[in-house]
Amino acid sequence: MARVAALSEAAQATMRLGRVSECLAALNEQRKVAGDDPAAQVWALTNSATCRSIFGQLTQARADLAAARKACYYTTPLLAEPFWRFTELVCNWLGGNWTEALADATSMDFNQASAVPAVVGGTVAALRIELQRGLGAPGEIRALASAAEVTGPAELNAWARAGLDVDEGRPGHALRRLAEVCDVGERDVYRAAMPLVLHRMAETAFGCGERDVTAFAAAALAELDPAAPMNVILAGLAQAYATRNPAPARMAQELAEAEGAMALVAEALTTRGQVGDDPAATLGAAHTAWERAGASARARSVAAAMRDAGLPKPQPTLQPAAGAAARGPVPLTARELSVAMLVHEGRTNQQIAHTLNISIKTVEAYLTRLYRKTSCSSRVELAVAITERRLPLASSEELPADGESPETDG
């Protein structure tokens with residue numbers, strides 16, 4: 001346990017410094033050291049889930065959290081509970097469940113959890129600001145901002161408050177605030193938050209035509225450790241802003257989808273639309289994705305951008321394929337519907353494969369068929385189609401056996 005505790009401190013220290021690869025190495029070593037000791041396993045898994053959620057490794061973070069709960073028969077240890085709740089909060093935020101994430105953040109009272117570092121409480125305060133902004137539920141948002149400034153890292157406070165500055169029509173003020181925390185000087189730095197800071201800088205600078213600032217933020221993001229999906233995704237979005245080339249944003253979207261980070265998928269779709277990548281389609285999909293996340297304010301912002309660009313009002317993104325109206329809807333098999341429902345829940349291909357006891361390659365084959373049958377072009381569109389009940393169900397005589405492969409069913 002002493003060695004596990006020491007590795008926890010090492011992992012958290014390197015996480016705060018943004019040394020992702022070193023942190024992951026410490027986490028892997030911690031798991032080995034924990035061995036079969038139940039208490040050590042729970043702490044190692046809890047530490048891993050927390051750090052990995054911050055890095056955007058949502059698939060592994062969720063798996064580690066589930067394993068930690070199972071290891072102690074789902075009875076939450078007193079010391080682990082705040083970290084479990086924090087991991088759930090981050091996973092819900094990045095996963096696109098913003099209403100639930102805000103409820104998580106609001107219910108957490110870290111003043112009574114002395115074992116939790118102050119940086120965690122400050123992170124929760126910053127996330128509450130961001131979530132309330134996106135959900136269009138301002139509440140006591142300025143009071144929260146003041147609390148975050150006192151208790152949290154300067155980087156997260158600047159990120160959250162810069163978002164408020166942009167909402168209030170003060171992008172220049174936002175950029176100055178963000179630039180201040182990039183100028184390290186002699187103070188301690190919470191580098192784990194720098195991807196958020198730099199992405200907000202790139203996004204804000206792009207919106208007000210500050211090309212040099214956009215390029216600076218994109219270059220700084222490109223230097224961050226690529227072992228964290230969060231770093232790679234936000235670097236791709238910033239690069240798209242800096243170059244007006246949508247290719248990095250498309251790759252960022254693919255990585256976000258693979259991790260089940262649907263909020264980052266919505267960010268990627270928004271970026272693609274802003275840099276001219278078929279704006280009618282991508283901004284329309286972004287609008288739908290933000291609505292699905294419950295982020296009505298973000299959805300309204302995208303709708304306003306579409307209106308300002310002379311684009312039609314956002315419409316459902318699922319369109320019938322050519323000739324589909326004449327043929328009628330193509331019914332889905334039982335297994336196709338199961339895959340679609342798991343996509344709707346935000347599961348990754350790996351999680352779907354585990355749930356349905358099939359290979360990842362088979363999951364990919366089912367998704368290809370689903371996209372063709374429904375005319376969806378992404379997981380977001382497929383999930384929205386489920387939400388809006390626009391997917392046809394197969395009749396009982398058409399349903400294949402559970403073990404049937406996509407090459408043989410129907």
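Computing FRET efficiency as 1/(1 + (r/R0)^6) for ARG307 and GLN350, where r is the C-beta to C-beta distance and R0 is 30 Å, gives about 0.15. With an a/c value of 1.5 or above and a/b not larger than b/c for the gyration tensor axes a ≥ b ≥ c computed over the alpha-carbon atoms, the stretch 224-284 is described as oblate. Mind checking which lysines have their C-alpha under 26 Å from LYS361, skipping anything on the same chain fewer than 8 residues away? Excluding near neighbours in sequence, the set is LYS373. Of all lysines in the structure, those lying under 26 Å Cα to Cα from LYS32, and not within fewer than 8 positions of it along the same chain, are LYS70.
Shown here for the stretch 198-257: GluC sites (Glu not before Pro) in loop regions (DSSP other than H, G, I, E, B) with at most 15 other Cβ atoms within 10 Å, namely GLU223. Rolling a 1.4 angstrom probe over the stretch 1-127 with all protein chains present gives an accessible area of which 54% lies on carbon and sulfur atoms. The residues of the stretch 1-103 present an accessible area of 44 Å² per residue when probed at 1.4 Å with all protein chains retained. Computed over protein heavy atoms with a 1.4 Å probe, the carbon and sulfur contribution to the accessible area of the stretch 238-281 reaches 49%.
The accessible surface of the stretch 335-374, taken with every protein chain in place and a 1.4 Å probe, is 51 percent carbon and sulfur.
Rounded to the nearest 20 debye, the dipole size of the stretch 27-105 about its Cα centre is 140 debye, using +1 on the Cβ of Lys and Arg and -1 on the Cβ of Asp and Glu. Among the chymotrypsin sites (Phe, Trp or Tyr not before Pro) in the stretch 1-107, those located in a DSSP loop and surrounded by at most 13 other Cβ atoms within 10 Å of their own Cβ are TYR73, TYR74.
Considering only LEU367, THR355, HIS344, the residue lying farthest towards the positive end of the dipole of the stretch 333-374 is LEU367, judged by Cα position with unit charges set on Cβ.
The values are calculated or read from the model by the stated rules, or taken from the named source; none is laboratory data. Note that this is a predicted model, so its numbers are computed, not measured. Don't worry about glycine lacking a Cβ; one is built from the backbone with ideal geometry, like all the others, and counts go over all protein chains shown. Just so you know, the surface numbers come from the protein's heavy atoms only, side chains and all, with ligands and any DNA or RNA stripped out. Shrake-Rupley method; radii C 1.70, N 1.55, O 1.52, S 1.80 Å.
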